[in-house]
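*Asks:* Below is one structure. I have some questions about it.
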Amino acid sequence: MITESHGGNIFLNPVQYDFSANLNPLGLPESVRQAVFDNSDLWEHYPNPYCTELRKAISEHENYPSEKIICGNGADDLLYRIVQAFRPENALICAPTFGEYRKALSEYDCFITEYLLSEKDNFLLTESFLNALTPDTDILILCHPNNPTGRCIPAELLGRIAEICNDNKILLLCDECFLDFAPDSISIRNFMHENIIILKAFTKIYAMPGLRLGYVLTGSPEHARKIQQTGQFWSVSAPAQTAGISALKEKNYIRDTLKLIPQERKFLQDSLSELHLKYYPSDANFILFRAESDLKAKLLSEKILIRECSDYTGLDDTYYRIAVRNHKENQVLISALRRCLHG
């Protein structure tokens with residue numbers, strides 16, 4: 001078995017069911033697939049470097065000024081470009097959380113402070129976090145809901161964090177790539193100010209990771225311009241721009257997603273409980289749980305891939321993350337878990 005530090009790498013192992021990548025179980029909308037093919041004549045030309053039509057569509061979708069929107073080659077591309085644009089010297093992140101934050105910051109020799117989330121609190125960010133926000137912090141990166149824990153930040157706490165960052169001129173980058181799966185939780189947009197940048201992606205909610213498309217909502221046009229000036233000139237391909245414009249028209253698809261996810265998340269959580277496995281409450285389309293340390297290898301022998309989480313700060317090889325898939329796939333996973341754990 002070959003290991004990897006991210007989910008979704010089905011090319012290294014023989015996989016029939018991928019629970020390691022937190023993608024919409026409905027799959028890529030057919031209208032998006034068709035739109036990409038129908039506009040293949042655009043592939044013979046350089047893409048619009050400013051994503052003019054795509055930004056206009058995002059602006060209408062988000063009800064947000066297009067001059068404060070920047071598109072990129074996935075959320076990761078924009079994360080690195082933001083760090084490059086602002087060159088922070090001192091950063092604060094939570095742990096466990098998405099590993100690319102640390103990697104992007106480290107590439108620019110930024111000093112990183114990690115605030116450890118407590119298992120006793122089910123990895124929920126609590127008010128004590130406010131004590132870690134010191135005036136010498138240049139950038140705070142939050143994941144809302146957090147990956148791999150699936151927890152959203154309580155609304156009141158989110159507002160207080162935004163206020164402190166504004167008072168102390170701390171750049172607040174809030175990754176909301178999974179927030180579309182948690183409609184009952186509020187966005188940091190409710191507390192928007194010029195030092196906030198919101199990171200979003202088409203990757204998860206529209207199940208299109210191979211097309212690589214993300215965007216940011218910035219608190220000011222000046223911040224948008226700084227980010228635009230970093231990275232490669234043609235950062236978003238023509239197929240990705242077409243796919244994004246088409247995806248934003250998918251209203252029924254989103255409605256069906258928001259009906260399916262909580263229903264299937266509950267099924268998985270109830271099933272994990274019946275198997276006497278400790279799981280942590282999630283607001284997102286994935287679940288963190290604990291089991292024996294060789295579970296990933298056992299499931300892989302049945303061509304099922306899950307995310308082992310020992311590379312996350314604060315977790316070890318008994319922590320696993322699984323995506324919420326459709327009911328048939330979820331039943332396959334639970335049956336396999338039962339065999340692996342109890343024979």
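*Asks:* Within the stretch 90-120, how many residues turn out to be closer than 16 Å to residue 171 by Cβ and over 19 Å from the mean Cα position of the chain (by Cα)?
*Replies:* 7
*Asks:* Tell me which helices (runs of 4 or more DSSP H) are completely within the stretch 10-101 and hold 2 or more residues being free of Cβ contacts under 8 Å to residues at least 40 places away in the same chain, surrounded by fewer than 19 Cβ atoms within 10 Å (Cβ to Cβ) and in contact with a helix residue (DSSP H, G or I) (Cβ under 7 Å, 6 or more places away or on another chain), or say none if there are none.
*Replies:* Helices (runs of 4 or more DSSP H) meeting the threshold: 52-62.
*Asks:* Is there a residue being touching a Gly at 6+ places or on another chain (Cβ under 8 Å) and buried (at least 17 other Cβ atoms within 10 Å of the Cβ) anywhere in the stretch 263-281?
*Replies:* Scanning the stretch 263-281 turns up at least one residue that is touching a Gly at 6+ places or on another chain (Cβ under 8 Å) and buried (at least 17 other Cβ atoms within 10 Å of the Cβ).
*Asks:* Determine which member of the set 288, 299, 315 is of a type in the set (A, V, I, L, M), part of a loop (DSSP other than H, G, I, E, B) and in contact (Cβ under 8 Å) with a residue 12 or more places away in the chain.
*Replies:* Criteria check complete, one pass: 315.
*Asks:* Check 226, 200 and return the single one that is outside any loop (DSSP other than H, G, I, E, B), among the basic types (Lys, Arg), at pLDDT 95 or above and buried (at least 24 other Cβ atoms within 10 Å of the Cβ).
*Replies:* Criteria check complete, one pass: 200.
*Asks:* Pick out the one residue from 130, 116, 124 that is out of contact with any Asp or Glu (no Cβ under 9 Å at 6 or more places or on another chain), at pLDDT 95 or above, over 30 Å from residue 243 (Cα atoms) and surrounded by 15 or more Cβ atoms within 10 Å (Cβ to Cβ).
*Replies:* 124
*Asks:* Spot the failing condition for residue 234; the list is (1) touching a helix residue (DSSP H, G or I) at 6+ places or on another chain (Cβ under 7 Å); (2) assigned by TED's automatic domain parsing to the domain that holds residue 149, and only one is missed.
*Replies:* (1)
*Asks:* Is the stretch 160-168 home to any residue that is within 28 Å of residue 209 (Cα to Cα) and over 16 Å from the mean Cα position of the chain (by Cα)?
*Replies:* Checking the stretch 160-168: not a single residue is within 28 Å of residue 209 (Cα to Cα) and over 16 Å from the mean Cα position of the chain (by Cα).
*Asks:* Determine the pairs where a residue that is closer than 17 Å to residue 285 by Cβ, located within the stretch 203-214, has a partner that is modelled with pLDDT under 95 and surrounded by fewer than 24 Cβ atoms within 10 Å (Cβ to Cβ) with Cβ atoms under 9 Å apart, the partner being 6 or more residues away or on another chain.
*Replies:* 209/8
The values are calculated or read from the model by the stated rules, or taken from the named source; none is laboratory data. Quick caveat, the model's predicted, so the values are computed rather than measured. All Cβ positions, even for glycine, are placed from backbone atoms using ideal geometry, and neighbour counts span all protein chains on display.
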